[in-house]
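**Q** First, the structure itself, so that you have it in front of you.
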Amino acid sequence: MNINMTTDTTQTQASVIRNLAEVRAMIKRHKLNDYIFSLIGLLALTLALLTLLTLFTDLVMDGYERFNMGFLTDFPSRRAGSAGLLSAWVGSALVMLVTFLVAVPMGVAAGLYLEEYAPKNWFSDLIEINVTNLAGVPSIVYGLLALGLFVYILDLGQSILTAGLTLGLLILPIVIVSTRESIRAIPTAIREAAYAVGATKWQVVHDHVLKYSYGGILTGVIIGMARALGETAPIITIGALTFIAFLPPSPITDVAPFINFEWLSSGFTVLPIQMFNWLSRPEYAFHINAAATGALIIIVTLLMNGTAIWLRYKIRKNIKW
Amino acid sequence: MVDNMNNPTTAIKAESRNLNFFYAGGNHALKSVSMPLYENKITALIGPSGCGKSTFLRCFNRMHDLYPGNKYQGEIVMHPDNTNILEHGVDPIEVRMRISMVFQKPNPFPKSIYENVAYGLRVRGESNKRMLDDKVEEALKGAAIWNEVKDRLQDLAFNLSGGQQQRLCIARALATDPEIMLFDEPTSALDPIATANIEELMSELKEKLTILVVTHNMQQAARVSDYTAYMYLGELMEYDETNTIFTRPSRKETEDYITGKFG
């Protein structure tokens, strides 16, 4: 009897150990999948980053000899060596200013309305689908729309105003979608808390919704602006000039009322168009200029996106949910 | 069952009359609920999950109005002014100015401790700094958290512990001098010590106002409330003094629920 029991125990022990070995082998097999996937993921990431890095390095290596102050303070010229970006970056900056002033108020207001005020029915669903679709419309289509609407019908000319309005429309869906997403991230409990003490809808929107979501909205705006900065097709479509040796009138003047709006109707060029123009020249020297411009656009874009990430981090730090 | 305990010394602060409630999907969540809330008393709502007790509570500050498609039928009348707070002409904001609410999970705003408490006053247009300071201090004292936060009123409310956050939310609800305060399972996210603090606080608060509390915790209802309502499937099954409900309930279902045979 006693002997039997001992054998029983040994047998149970043995089977437990065997089972344990099987379980361990199984875990190892399953963990292999983890390992394989993380390898694939890493490979994909490396490839993507390497491509970008190669492109950027190539641009910098081609264009580095043009990296000097003169490149930023000179007008374009017949001689590649003394041609600069002055009119292009000033044009880009002014167009961006108009884009910002158009896209931010309209986009934020539209996003707020859709999320907080609009009744939820088939019509608002339809609008929602269309806003998302707008983000996927090719930019040249916006250019055609702008040529017809702003240049011909509204007679705004091939001006900074037209370009700013066009790019503003182009990035409007990005601003609307990012506004809605950051508003939606605010928990119901916080909204209900505000309503429960007797706040009106506008008080809730102004004191809470906008305050807690503006980090996300700002991120969307900056990413949209970075995209607008590199847009070429719609600007060419509306007829931006490619060779400009003058600056638009300054928005700020030294006589009262110290601001003027003539710059809005001025002709202009922007960075990507200047780059395109230089690239289409046969002389190699101009290609160096184009490479330097490309590097500059990438740097500015990266800086803008970096700012967006940093701002989001800084603003989100105080909000935990 | 309500009539036979009419006590001339306790006034009725509010009462629901044949209250029916329908959620947007058509779910008939409350069925002809009629019950009074006695002034300066704590009334507890108990019952299994989904019985409609939170739905009932949220009728009192028209929280359901925030979501389209919800429908009330019947009345909730507030005394002494006899206002039916469910009537179309009555603005839900007016109702929320008189009846405040504390939620299940502490939900402070991502603002400072001070601003959390002051918000209800700011919404009412109060901007006098001295007035706000006084009211904030009074509310924090009333919610028994003043001593813990008086030196860091400008700190973020998120840095407080869960129990402190809930007491801060009570202070926020208290700062506007409400007539009725609603508690929706106020301690379900808290540990036993924080729970005891909140319960003690509720007993103190009823000196000043009327309290309606939803709770899943039978002992809590027995400890803290003066009246208890047992709800089941959207109906009010039994309503009486807490003592009576817990010692000799008149319905078998109530007894089964209280003794844990059901639910």
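All of the numbers you see were taken from the coordinates with simple rules; none came from a lab. None of these values were measured; they are calculated from a predicted model. Please note: Cβ atoms are built from the backbone with ideal geometry, for glycine as well, and neighbour counts cover all protein chains shown.
**Q** At a Cα cut-off below 14 Å, give the aspartates and glutamates reachable from B:LYS111, other chains included and same-chain residues fewer than 8 away excluded.
**A** In chain and number order, the partners are A:ASP207, B:ASP155.
**Q** Let me ask something else. As I understand it, the dipole of the protein assembly as shown uses +1 on the Cβ of Lys and Arg and -1 on the Cβ of Asp and Glu, about the Cα centre. Which of B:GLN166, A:THR293, A:GLY91 lies farthest toward its positive end?
**A** Result: A:THR293, furthest along the dipole toward the positive end.
**Q** I've got another one for you. At a 10 Å Cβ-Cβ cut-off, how would you order A:ILE223, A:ILE127, fewest neighbours first?
**A** Taking fewest neighbouring Cβ atoms as first place, the list is A:ILE127, A:ILE223.
**Q** For region A:67-316, what does the relative contact order come out to in percent, with C-alpha contacts under 8 Å and a separation of six or more?
**A** 26
**Q** Can you tell me the FRET efficiency between A:ASN133 and A:MET26 if r is taken as the Cβ-Cβ distance and R0 is 51 Å, rounded to the nearest 0.05?
**A** Approximately 0.60, to the nearest 0.05.
**Q** Which of these, A:GLY239, A:GLY148, A:GLY216, has the largest mean-square fluctuation under a Gaussian network model of chain A (Cα springs below 10 Å)?
**A** A:GLY148
**Q** Next up: Of all beta bridges DSSP finds with both residues in chain B, what is the antiparallel percent, to the nearest 5?
**A** Given both bridge residues lie in chain B, the antiparallel proportion sits at roughly 60 percent.
**Q** A further question on this structure: Partner chain Cβ atoms within 10 Å, averaged over the residues of B:104-110 - can you pull that number for me?
**A** Shielding by partners across B:104-110 averages 5.
**Q** Next question, about the same structure. About its Cα centre, what dipole magnitude does region A:1-64 give when the only charges are +1 on Lys and Arg Cβ and -1 on Asp and Glu Cβ, stated in debye to the nearest 20?
**A** 380
**Q** Okay, next question. Between B:GLU207 and A:SER124, what FRET efficiency comes out of the Förster formula 1/(1 + (r/R0)^6) with R0 = 45 Å and r the beta carbon distance, rounded to 0.05?
**A** 0.40
**Q** Would you mind telling me which residue in A:GLY41, A:GLY164, A:GLY215 has the biggest mean-square fluctuation in a Gaussian network model of chain A, where springs connect alpha carbons within a distance under 10 angstrom?
**A** Comparing A:GLY41, A:GLY164, A:GLY215 in a Gaussian network model of chain A, the most mobile one is A:GLY41.
**Q** Which aspartates and glutamates, if any, have their Cα less than 15 Å from the Cα of A:LYS31, not counting same-chain residues under 8 positions apart?
**A** Here the aspartates and glutamates satisfying the reach criterion relative to A:LYS31 are A:GLU22.
**Q** If you don't mind, another one. Could you tell me the center-to-center distance, by alpha carbons, between region B:213-230 and region A:19-83 in angstrom?
**A** 62
**Q** Also: Of A:LYS120/B:LYS206; B:LYS41/B:LYS252; B:LYS53/B:LYS129; A:LYS201/B:LYS105, which pairs sit farther than 29 Å apart, going by alpha carbon to alpha carbon?
**A** With Cα atoms farther than 29 Å apart: A:LYS120/B:LYS206; B:LYS53/B:LYS129.
**Q** Using per-residue counts of other Cβ atoms within 10 Å, averaged over each peptide, order A:177-184, B:168-175 from highest down.
**A** Answer by packing, highest mean first, reads B:168-175, A:177-184.
**Q** Among A:LEU303, A:LEU172, A:LEU85, determine the one that fluctuates most according to a GNM of chain A built with springs between C-alpha atoms less than 10 Å apart.
**A** A:LEU303
**Q** Sort A:ILE297, A:ILE319 so that the residue with the fewest other Cβ atoms within 10 Å of its own Cβ comes first and the one with the most comes last.
**A** Sorted ascending by nearby Cβ count, the order is A:ILE319, A:ILE297.
**Q** Any idea what the dipole of the protein assembly as shown comes to, in debye rounded to 20, about its Cα centre with Lys/Arg Cβ at +1 and Asp/Glu Cβ at -1?
**A** Here the protein assembly as shown has a charge dipole of around 1180 debye.
**Q** By counting other Cβ atoms within 10 Å of each Cβ, how are B:ILE76, A:ILE252 ranked from fewest to most?
**A** Starting with the residue having the fewest Cβ neighbours, the order is A:ILE252, B:ILE76.
**Q** Rounding to the nearest 10 and keeping the result within 0 to 90°, find how far the Cα-based axis of helix A:210-230 lies from the longest principal axis of chain A.
**A** The helix A:210-230 is inclined about 60 degrees to chain A.
**Q** What value, in deg cm²/dmol to 500, does the helix sum -39500 (n - 2.57) over DSSP H runs of n ≥ 4 give at 222 nm once divided by the residues of the protein assembly as shown?
**A** -17000 deg cm²/dmol, from helical runs alone.
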